[in-house]
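Values in this text are rule-based calculations from the coordinates and carry no lab data. Only a predicted model underlies this, so the values are computations on that prediction, with no experimental measurement involved. Note that we place each Cβ from the backbone using ideal geometry, even for glycine, and neighbour counts take in every protein chain shown.
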Amino acid sequence: MKAVTLKANTEGIFLIFDMNEELLKIEEDLKKTFKEAAAFWGTEKEVFVILENSDQEVEDMKIIENLLQSLGIKVKNHRHDSPGGQHGQTDSYGSIQSEGSTLLLQKNIRSGQKIEHDGTIVVIGDVNPGAEIKAAGHVIIIGNLKGNVFAGYNGDSETVIYANRFEPSIIKIADCIAKAPEGSFSDFPEPELARIIKGRIVIEKI
Amino acid sequence: MGEVIVITSGKGGVGKTTTTANIGTALAKIDKKVVLVDTDIGLRNLDVVLGLENRIVYDIVDVVKGHCRLNQALIKDKRLEGLFLLPAAQTKDKNAVTEEEIKKLTEDLKEKFDYVIMDCPAGIEQGFKNAIIGADRAIVVATPEVSSVRDADRIIGLLEANEIPDTRLVINRLRPQMVKQGDMMDIEDIIDILSIKLIGVIPEDEFIIVSTNRGEPAVNNEDSMAGKAYMNTAKRIVGEEVPFLNLEVQEGLLDRFLKIFSK
């Protein structure tokens, strides 16, 4: 069990501390987390802090703040609920705007097939490996996504990519590009949404 | 009026020609009049698999170019009354015939036969286009490997684009033991990706190699598992409801002993 967990959503970066662990282990895990997530970290130097299993929140918070400060990180705020929870998300999803016409496809997009449209594309079916979807607007896949998807090809960074099962080879939104991680995907996939947050593609469960 | 079925796969070496020979032979065994057309011009194999290579005088190119009559080029099978082969040319290539010529040919063959089975070459180029042009339905052959399934997916997409109404899947060279151990994709995985209906599952069978070398399709052998599976596939093609073979590996007494000792 890790004493420090890093999460990110639309609001920023969260660090979750398990206060049941010893302080030394927390410090060690924190340094490790920073090292592992160095690329992800970028220029972000402010984080939210969440304390779990804490009896003396005020004291613990001070200790953690000091610890973070020694690493050059500022604490924005601290909260008790989890970043994976509901807060804030309803607003951000509610704000997805759609422009242009929508192309609705009720079929599987197979290897070698390329679908291009100057609005939003909705696929009811799977997008298989080797297939390509390219839209000026959003790309919504009610099915498995295993191929390549490009949303906002005119440079609209407000566009999103959604799939019931999110296992793409490559996704692009406007000028950003993201590649699938090495290794296999989860056996129990959940619907996910990809969008640009602070200049990089972030994929969240919804 | 007969039906034209194209047997295709995209990837090479998955068993298109073997499947064509066996399904064709099986259909002829259930008293259908069948012609097998080898469209793999330049790399002909179907004649060898059927053991008819010594009887070729005219070929498909001669027929479409009018160098001979259709009946002169059709080769009757050694064993079965209702089975014929229209061989490919070996000294030409895929561009020796056009799609229109093949379409005309399939229409002529449909008049004479219950089933016209087109053995498609590997790839998605001219040879593939020629083979599918006159097809009423398609059978896609795939082996339980990611590369084969990927190519099958591509082919199914192309068949859909060419508006071939009925595409079915044959899974070839399945090894139940490896599936059981989790080392091979299982049928459900493949169906899940390709989302088309299954029409046959053919187990890996060493006898196929023997039968190919001898030029005697495996359906002629009562003991061959692959032969049985091909026979069932042919019955499904004519519309019979046949349950899929139970390919569960039977555990013998010796296996059980070995298992106990290996623990």
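Overview of results
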quantity: Gain upon complete extension [B:K65, B:E107; 0.36 nm per residue less C-alpha separation]; calculated: 13.6 nm
quantity: Estimated inter-spin distance, A:A180 and A:Q69, nm [label 7 Å along Cα→Cβ]; calculated: 4.6
quantity: Under 19 Å, Cα to Cα: Lys pairs in region B:1-95, sequence gap 8 or more or different chains; calculated: 10
quantity: Value of relative contact order over chain B, rounded to a whole percent, pairs C-alpha under 8 Å and six or more apart; calculated: 25
quantity: Linear extension gain, B:E188 paired with B:E81, 0.36 nm per residue minus alpha-carbon span; calculated: 34.7 nm
quantity: Peptide-level mean, for A:124-134, of C-beta atoms on other protein chains within 10 Å; calculated: 3
quantity: Per-residue HN-Hα couplings for region A:157-165 [Karplus 6.51, -1.76, 1.60; θ = phi - 60°; Hz; x = Gly/Pro]; calculated: 7, 8, 6, 10, 10, 10, 8, 5, 10
quantity: Debye-sum result for region B:63-103 in log10 I(q)/I(0), which assumes one identical scatterer on each alpha carbon, at q = 0.21, 0.26 Å⁻¹; calculated: -0.79, -1.01
quantity: Shielding by partners, peptide B:148-159 (average Cβ within 10 angstrom, other chains); calculated: 5
quantity: Modelled FRET efficiency - R0 22 Å, A:K62 with A:E36, Cβ distances, 0.05 increments; calculated: 0.25
quantity: Estimated FRET transfer efficiency (B:I124, A:R200; beta-carbon r; R0 35 Å; 0.05); calculated: 0.40
quantity: Cβ charges +1 (Lys, Arg) and -1 (Asp, Glu), total dipole of region B:3-262, debye; calculated: 480
quantity: Rounded FRET efficiency, nearest 0.05, which uses the C-beta distance separating B:V48 from B:D223 and R0 of 35 Å; calculated: 0.95
quantity: Translational D in µm²/s for the protein assembly as shown (Stokes-Einstein at 37 °C, 0.692 mPa s, Kirkwood Rh from C-alpha pairs); calculated: 125
quantity: Relative compactness, chain B, computed as alpha-carbon Rg over 2.2 N^0.38 Å; calculated: 1.02
quantity: Segments B:2-15, B:59-72 sorted - mean Cβ within 10 Å per residue, highest first; calculated: B:2-15, B:59-72
quantity: Shape metrics for region A:97-205, restricted to C-alpha atoms - Rg then Dmax, Å; calculated: 12.4, 37
quantity: Zone of A:L105's modelled label, taken as backbone nitrogen in region A:160-193 under 12 Å from a point 7 Å along Cα→Cβ; calculated: none
quantity: Between region B:182-231 and region A:137-206, the Cα center-to-center distance that results, in Å; calculated: 38
quantity: Gaussian network model of chain B, springs between alpha carbon atoms under 10 Å - residue of B:N45, B:N22, B:N95 with greatest fluctuation; calculated: B:N95
quantity: Gain upon complete extension [A:D118, A:K7; 0.36 nm per residue less C-alpha separation]; calculated: 36.5 nm
quantity: Calculated P(r) tail over 23 Å for region B:1-99, as whole % of Cα pairs; calculated: 21
quantity: In Hz, Karplus ³J(HN,Hα) per residue of region A:132-139 (6.51, -1.76, 1.60; θ = phi - 60°; x = Gly, Pro); calculated: 10, 10, 9, 10, 6, x, 7, 10
